[in-house]
Amino acid sequence: MHKEYAVDPATLASSWTTFLYLTEKFGFEKGRLISDFPPTKWANQVKVAAGPLADVEKKKLMEKLQSRREMILAKTGRYFSVRATWLESAIFAHRSEPFHGIISDNSSQTHSSMVCSQDCQETHPLMCPLSGPVERTPEALAAAARLLLVNSRRIKFVDPYFDLRGDRWLDVLKEFLDVVYQRGYANSQCEYHYGERDQGQTPVEFANSCGSRLRGIVPSGMTVTFVRWRQKSPGERLHARYILTERGGLIFEGGLDRGGDGQTTDINLLDPAPLKMRWEAFNIASTVYELIKPIVSVDSAGHVTEVNT
């Protein structure tokens with residue numbers, strides 16, 4: 001549900017006003033992210049481009065960028081040619097792995113995916129938020145969450161209806177974890193929060209069957225911690241399905257499982273306030289729901305370890 005944009009450092013740093021106008025359009029809660037293009041060097045190019053600004057303005061701009069970069073910047077593996085201009089490289093990279101848009105005031109080239117800074121409004125076809133039904137296939141669900149997953153280190157999958165015996169949940173979990181792993185985040189902290197079910201396994205049965213069921217699901221070098229909750233009465237309903245991270249969140253109306261043929265689900269962005277509330281609700285020390293022990297961690301070989309709390 002997040003879209004990645006290439007933003008010309010020279011355009012962004014042309015003035016403090018332009019910088020504020022553009023950066024307010026981006027963020028995990030907005031569904032738009034700025035590509036770290038060139039990889040790991042984009043912020044430095046912004047600093048260089050801001051060179052002609054007055055010292056006070058330049059300092060203010062870079063401090064603001066530093067404070068927001070974790071919430072607006074997306075890592076990218078695209079190739080960047082040091083022998084070409086930024087715009088030439090962006091257009092070249094766009095051919096093999098398209099950006100959702102290229103934002104630049106450089107008029108030396110034109111491209112159908114380019115947007116000038118003054119046109120970066122919600123009504124522009126390349127800037128308006130995209131939403132709509134997503135197929136409930138493992139591949140489509142993982143694609144919708146890809147930019148959130150590959151840019152996060154702490155990830156909480158939340159599906160109260162998760163059943164370890166159901167392949168439809170494991171198929172989707174494998175796709176999610178593969179996305180994280182393939183982009184170099186094998187050391188990400190991944191947790192799966194699920195609910196007590198009347199016809200489900202007991203905590204001990206769950207722990208005993210984790211190894212065989214999750215072997216081949218968890219990528220090499222990764223572990224996933226499983227946390228079980230019981231809804232309190234009276235208390236907050238344990239129902240909604242999420243992916244929550246330190247950077248952003250998504251709510252899955254249809255759940256984190258594979259649906260039947262032709263089924264779709266709505267996926268929506270979480271604003272910062274509800275993200276914080278849901279994140280804290282699924283902390284082990286939380287009292288929103290009742291924690292059911294044991295908490296277990298499972299590695300790629302299917303080894304199960306009880307987590308002490």
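The values are calculated or read from the model by the stated rules, or taken from the named source; none is laboratory data. This structure is a prediction, so every number in the text was calculated from the model and none was measured. No Cβ is skipped: glycine too gets one built from the backbone with ideal geometry, and neighbour counts run over all protein chains shown.
Below, the figures for the structure above:
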item	result
Hey, ASP178 out of contact with any helix residue (DSSP H, G or I) (no Cβ under 6 Å at 6 or more places or on another chain) and either in contact (Cβ under 8 Å) with a residue 24 or more places away in the chain or part of a loop (DSSP other than H, G, I, E, B) (or both) or not	yes
Some residue of the stretch 44-56 being within 25 Å of LEU275 (Cβ to Cβ) and assigned by TED's automatic domain parsing to the domain that holds GLN109	no
Failed item, numbered, when SER152 is tested on (1) out of contact with any helix residue (DSSP H, G or I) (no Cβ under 6 Å at 6 or more places or on another chain); (2) not assigned by TED's automatic domain parsing to the domain that holds GLU175	(2)
Residue that is surrounded by the most Cβ atoms within 10 Å (Cβ to Cβ) [pool: residues in the stretch 70-115 that are among the acidic types (Asp, Glu) and in a loop (DSSP other than H, G, I, E, B)]	ASP105
Hey, PRO294 of a type outside the set (Lys, Arg) and in contact (Cβ under 8 Å) with a residue 12 or more places away in the chain or not	yes
Every pair of residues 6+ apart whose Cβ atoms lie under 6 Å, when the first sits in the stretch 112-128 and is free of Cβ contacts under 8 Å to residues at least 24 places away in the same chain and among the hydroxyl-bearing types (Ser, Thr, Tyr) while the second is buried (at least 19 other Cβ atoms within 10 Å of the Cβ) and not in a loop (DSSP other than H, G, I, E, B)	SER113/GLY101; SER113/ILE102
Failed criterion for GLN66 (all others in (1) in a helix (DSSP H, G or I); (2) more than 26 Å from the chain's Cα centre (by Cα); (3) surrounded by fewer than 14 Cβ atoms within 10 Å (Cβ to Cβ) hold)	(2)
Of residues in the stretch 246-264 being in contact (Cβ under 8 Å) with a residue 12 or more places away in the chain and over 18 Å from PHE162 (Cβ atoms), the one surrounded by the fewest Cβ atoms within 10 Å (Cβ to Cβ)	THR264
Test: residue in the stretch 284-293 that is part of a strand (DSSP E or B), farther than 17 Å from TYR161 by Cα and more than 21 Å from the chain's Cα centre (by Cα)	yes
Condition check for LEU173: at pLDDT 90 or above and within 28 Å of MET277 (Cβ to Cβ)	yes
Filter pass, GLN118 being polar (S, T, N, Q) and assigned to a helix (DSSP H, G or I)	yes
Single residue of ILE292, ILE267 found to be under 27 Å from MET71 (Cβ atoms), modelled with pLDDT of 90 or more and either assigned by TED's automatic domain parsing to the domain that holds LEU141 or surrounded by 15 or more Cβ atoms within 10 Å (Cβ to Cβ) (or both)	ILE267
Hits in the stretch 139-150 - residues which are in contact (Cβ under 8 Å) with a residue 12 or more places away in the chain and surrounded by fewer than 22 Cβ atoms within 10 Å (Cβ to Cβ)	GLU139, ALA142, ALA144, ARG146, VAL150
